Amino acid sequence: MKKLMIAGIRFYRKHLSKYKLPTQHCIYTPTCSEYGLEAIEKYGALKGGLLTIWRILRCNPFHRGGYDPVP
């Protein structure tokens, strides 16, 4: 499952992220996809996946953004 999730994030980064509008960008550092890769590598599919989902939910104009590393 871990490898499948990582492959999905890499597919997104290589093929889908280029279709975002120029005004759409991640407000966090590291970006949400970088965060997801690191979280899944560090904690595995379940906990890393949940951390990634929570991060993506927070990546919106109502949050300040900034530096938010994987715990």
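Here are the numbers for the structure shown:
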| read-out | value |
| --- | --- |
| The stretch 10-44: number of residues that are open to solvent by 30 Å² or more (accessible area, probe 1.4 Å) and either more than 22 Å from Gly65 (Cα to Cα) or in a helix (DSSP H, G or I) (or both) | 15 |
| Residue ID - nearest to Met1 (Cα to Cα), chosen from residues in the stretch 45-71 that are in a helix (DSSP H, G or I) and open to solvent by less than 80 Å² (accessible area, probe 1.4 Å) | Ala45 |
| Residues of the stretch 35-51 classified as in contact (Cβ under 8 Å) with a residue 40 or more places away in the chain and either among the aromatic types (Phe, Trp, Tyr) or within 28 Å of Thr23 (Cα to Cα) (or both), total | 2 |
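The values are calculated or read from the model by the stated rules, or taken from the named source; none is laboratory data. Please read these numbers as outputs of a predicted model, since none were measured by experiment. When we count neighbours, we look across all protein chains shown, and the Cβ atoms used for this are built from the backbone with ideal geometry, even at glycine. Calculation scope for accessible area: heavy atoms of the full protein, side chains included, ligands and nucleic acids excluded. Shrake-Rupley method; radii C 1.70, N 1.55, O 1.52, S 1.80 Å.
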